[in-house]
Amino acid sequence: MIPEIGHFALILAFCLALLLAVLPAWGAWRGNSVAMALAPTLAIGLLVFVGISFACLSSAFLQDDFSVALVASHSNSLLPPIYKFCAVWGNHEGSLMLWALILSLWTAAVALFSPQLPLLVLSRVLSVMGAIAVGFLSFSLLTSNPFTRLLPGIPADGSDLNPLLQDPGLIIHPPLLYMGYVGFSVAFAFAIAALLGGRLDASWARWSRPWTNIAWAFLSLGIMLGSWWAYYELGWGGWWFWDPVENASFMPWLAGTALIHSLAATEKRGLFKSWTVLLAIFAFSLSLLGTFLVRSGVLTSVHAFATDPARGMFILVFLAVVVGGSLTLYALRAPAVSSRVGFAWVSRESLLLCNNVVFLVAALTVLFGTLFPLIVDALGMGKVSVGPPYFNAVFVPLMALLVPVMGLGPVSRWKGDTVRRWRAQMVMPVLVAVVCGVTLPLLHAPYNVWVALAVLLSAWLLLGLVQDVLQRVRGASSTAHGLRRLTAGYCGMVVAHLGFAFCIIGIVATSQYSVEHDLKMHPGDAREMAGYEFRFIEVSEVRGPNFIADQAHFEVTRNGEFVASMHPQKRRYLASGSVMTEAAIDAGFFRDLYVAMGEPVGEGGAWAMRLHYKPLVRWMWLGAILMAVGAFTAALDKRYRRTRESVHSANKAVLHGA
Amino acid sequence: MHPVRKQRLYLVLFVIVFASVAVGLVVYALRGNINLFYPPSEVVAGKAPVGQPIRLGGMVVEGSVERATDSLEIRFELTDFKSSVPVVYTGILPDLFDEGQGAVASGVLNSQGVLEATEILAKHDENYMPPEVADALEKSGFDHKGNTK
């Protein structure tokens, strides 16, 4: 009964989305304020019904209702309850439900938290989001109904969730990632609304900015968690593989990074308006493309679920409609919104422009590398794969080009600045950065030039920020007073840029300094690596709730002193019989030690073992967290929350104008 | 020219120059870093280049997996049920690697016709087959158990 209620709620949600897509847009077109005023109510109704539907699906999972096909193929009665809940989105149909749920969450959030938005704009924005919801809900209903029953012939037990996905990382990684992916639909909806209305001004950028920042923050966290999950769960100590699906989440992030910076120029100076709109369209299109790549299985990837060509086709058509439609609208309306503001070459605007070009080119090169195998295959020139060396060769130099500009950004002024002022501001940072770059890598022998370069660039970034904060605080009566005067938007920028500096050091240091050994070890063997001694004590059998495992016991010492006791496992899951490596990690701020079990080899209880020493690997995730924190902080800035009175007058003015 | 328009011209020039640099980088990076996929029968027929990175995919032949006693070296054969190619790899295999299952090995073909693999990918759940392997089997006309279709 409950699954049928869920299915019914999903159909009702689809109808509401259809109404939301049509009615307010019609109202905005004809100036009918009654139709426009329906938008927030419809948006909340959409959330309620998608929510009911999602709750029904979850309850089917939690109650082991194996008459539902999805539950039977992705859950098992032995699964711990929390993973039963996660199994809801550990599969194609359920993850689409999550998409729809998060989309309706964002839609309702826009409806609820936009008191400052004129009704005309709000109704257009919600309409666009309703149209996107129509696309996804019809996809769910027509091609991937999660509530299909297995009648008759209900299986006695389910065939289990893929063991790789039975992990705390899966509880939060997809929802956060989707919050980011789908969050760009808000920026997209604002852009389309602006094009429809033909009005694109500073207030538009001010409405759009906090939403974009929040979406970007969630996406950063989602990507970071994915990388962390791959690191400890896949058992080979890698944290980024340039896998097509990783790229699928990374491309919207790159486009989104360009977008939040170009929005800054649009809000502060009214510049790059049509460009900003284009970036918003681009970021959301890349999110959709990512969904297509993940769901259609056209590319070899660790994320591909068993696939169905009809689904791929549906998303491809949807993608074509969204991209084609929005670009056509852009072509028709962009001339009406373009700006006529000039700026000097030596100014913050130019630096932001550099940022935009670098991030866009980076997004395009990643896009090209990801789609290249498809292009070659379509041309009948064989099956190729583009490996990490391509992406590293293209991506790393681009980022290295970016950082010098990025360090200068905060100290530069809008509109016009002078080279002499830049020089005066940056003399100290340059000197200190060079000293740091030369000396800090000496701490870790042998001397590594790439690490020296990374330290130099990060120090330049960091010191540029310090210089600017000092500059701003100096004018105030006291330091505390000066610090309090800094806006949330500014603090967010500082924290996010600081996070980027952490990322650079973490990524370069861990890539350059990591030590990795695959070796055969007998119980009692010891191996020295990077100053640590790993002693393999024994292997014993342990039992988990739904698996049995061989568990190795390692004692790690350094100069005779005890460091850690580590217990990697090789698990065999009872329901599916699949084998999984569970790595043991001794985490630290400056280094991680990582042990994973391979397989038993030869006689005498010998095992293939993988030992890693990974310095500063945590810094890159810490950096990503800082970036997200920065973006959240910036979204809290006071200027995004104007009073209601000024809104009402604006409302009247807009309606009058329309 | 109107100053704003002039500035826009410079901007476009800048973007073009920058994009060309990027395209140059892309072409340079692509040259050394793409590897073509070959099914076993094409490798045996001598169509795959020797000494260049390639990828080979097929089913792991039952009973072909041999481990060295003193190191992590492992030998096995990949087949599309028409021909098979020996593969040698040193290191830890993915969890889902098994005899009779699909796998993709990337590495360099030596002059004896043995693929010296640097990376082995196995399918990651029972419902999923690497698309290249599925395609290779499609071409050879066998299903994944080796029965003719």
Conditions (1) in contact (Cβ under 8 Å) with a residue 60 or more places away in the chain; (2) in contact with a strand residue (DSSP E or B) (Cβ under 6 Å, 6 or more places away or on another chain); (3) polar (S, T, N, Q) -> A:Ser540 fails only (1)
Filter region A:254-299 for residues that are among the polar types (S, T, N, Q) and more than 23 Å from A:Met493 (Cα to Cα); the one that is surrounded by the most Cβ atoms within 10 Å (Cβ to Cβ) is A:Ser287
Residue count, region A:540-562, condition β-branched (Val, Ile, Thr) and buried (at least 18 other Cβ atoms within 10 Å of the Cβ), comes to 1
Residue hits (region A:88-115; surrounded by 21 or more Cβ atoms within 10 Å (Cβ to Cβ), more than 18 Å from A:Ser138 (Cβ to Cβ) and of a type in the set (Phe, Trp, Tyr)) are A:Trp89, A:Trp106
If you check A:Cys15 against the conditions, is it at pLDDT 95 or above and either touching a strand residue (DSSP E or B) at 6+ places or on another chain (Cβ under 6 Å) or farther than 13 Å from A:Gly130 by Cα (or both)? no
Counted residues in region B:1-49 being under 19 Å from B:Gly107 (Cβ atoms) and at the interface with chain A (Cβ under 9 Å from one of its Cβ atoms) come to 7
Across (1) within 15 Å of A:Pro146 (Cβ to Cβ); (2) without any contact (Cβ under 8 Å) to a residue 60 or more places away in the chain; (3) among the aromatic types (Phe, Trp, Tyr), A:Trp26 clears everything bar (1)
Considering region A:592-629, residues that are buried (at least 22 other Cβ atoms within 10 Å of the Cβ) and among the basic types (Lys, Arg), and then whichever is nearest to the other protein chains (Cβ to nearest Cβ), we arrive at A:Arg610
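Residue-by-condition table, conditions (1) more than 20 Å from the chain's Cα centre (by Cα); (2) surrounded by fewer than 23 Cβ atoms within 10 Å (Cβ to Cβ); (3) not acidic (Asp, Glu):
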position: A:Leu176; (1), (2), (3): no, yes, yes
position: A:Ile192; (1), (2), (3): yes, no, yes
position: A:Ser208; (1), (2), (3): no, no, yes
position: A:Ala217; (1), (2), (3): no, no, yes
- Task: Tell me, please, whether a residue that is outside any helix (DSSP H, G or I), farther than 20 Å from A:Ile507 by Cβ and in contact with an Asp or Glu (Cβ under 6 Å, 6 or more places away or on another chain) can be found in region A:408-424.
- Result: yes
* Quick check: anything in region A:552-575 of a type in the set (Asp, Glu) and within 14 Å of chain B (Cβ to nearest Cβ)? -> no
Restricting region A:18-58 to residues that are under 28 Å from the mean Cα position of the chain (by Cα) and either of a type in the set (Ser, Thr, Tyr) or within 22 Å of A:Gly197 (Cβ to Cβ) (or both), the one surrounded by the fewest Cβ atoms within 10 Å (Cβ to Cβ) turns out to be A:Ser58
Among (1) touching a residue at least 60 places away in the same chain (Cβ under 8 Å); (2) in a helix (DSSP H, G or I); (3) facing chain B (nearest Cβ under 7 Å), A:Thr370 falls short only on (3)
- Quick one: is A:Ile154 touching a residue at least 24 places away in the same chain (Cβ under 8 Å) and within 25 Å of A:Ile102 (Cβ to Cβ)? no
Expected single match for facing chain B (nearest Cβ under 8 Å), among the aliphatic types (A, V, I, L, M) and touching a residue at least 40 places away in the same chain (Cβ under 8 Å) among A:Leu364, A:Leu398 is A:Leu398
- Is it the case that region A:179-192 has a residue that's away from chain B (no Cβ under 14 Å), under 20 Å from A:Phe85 (Cβ atoms) and touching an Asp or Glu at 6+ places or on another chain (Cβ under 8 Å)? no
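Yes or no, residue by residue, for (1) within 11 Å of chain A (Cβ to nearest Cβ); (2) modelled with pLDDT of 85 or more:
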| position | (1), (2) |
| --- | --- |
| B:Gly51 | no, no |
| B:Val61 | no, yes |
| B:Ser64 | no, yes |
| B:Ala68 | yes, no |
| B:Ser71 | yes, no |
| B:Ile74 | yes, yes |
| B:Asp80 | no, yes |
| B:Ser83 | no, yes |
| B:Val87 | no, yes |
Report task. Using the structure shown, decide if A:Gly380 is part of a loop (DSSP other than H, G, I, E, B) and within 12 Å of chain B (Cβ to nearest Cβ). Result -> no
From the option list A:Ser385, A:Ser458, single residue qualifying as within 14 Å of chain B (Cβ to nearest Cβ) and surrounded by 20 or more Cβ atoms within 10 Å (Cβ to Cβ) is A:Ser385
Quick check on B:Gly57: is it buried (at least 19 other Cβ atoms within 10 Å of the Cβ) and more than 7 Å from chain A (Cβ to nearest Cβ)? yes
Please indicate, with yes or no, whether at least one residue in region B:15-37 is touching a residue at least 12 places away in the same chain (Cβ under 8 Å), touching a Gly at 6+ places or on another chain (Cβ under 6 Å) and of a type outside the set (Lys, Arg).
yes
The helices (runs of 4 or more DSSP H) lying wholly within region A:21-87 that contain at least 3 residues that are under 20 Å from A:Trp106 (Cβ atoms) are A:33-62
Does region B:99-109 contain any residue that is more than 13 Å from chain A (Cβ to nearest Cβ) and either within 30 Å of A:Val346 (Cα to Cα) or in a strand (DSSP E or B) (or both)?
yes
Across region A:354-380, the tally of residues that are in contact with a strand residue (DSSP E or B) (Cβ under 9 Å, 6 or more places away or on another chain) and either among the aliphatic types (A, V, I, L, M) or buried (at least 20 other Cβ atoms within 10 Å of the Cβ) (or both) stands at 4
Those residues of region B:24-64 which are over 26 Å from B:Asp143 (Cβ atoms) and not aliphatic (A, V, I, L, M) amount to B:Gly24, B:Tyr28, B:Arg31, B:Gly32, B:Asn33, B:Asn35, B:Gly46, B:Pro49, B:Gly51, B:Gln52, B:Pro53
Of the residues in region B:38-86, those that are aromatic (Phe, Trp, Tyr) and in contact (Cβ under 8 Å) with a residue 40 or more places away in the chain come to B:Phe81
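The values are calculated or read from the model by the stated rules, or taken from the named source; none is laboratory data. Just so it is clear, the model here is predicted, and its values are computed rather than measured. Glycine gets a Cβ as well: all are built from the backbone with ideal geometry, and neighbour counts include every protein chain shown.
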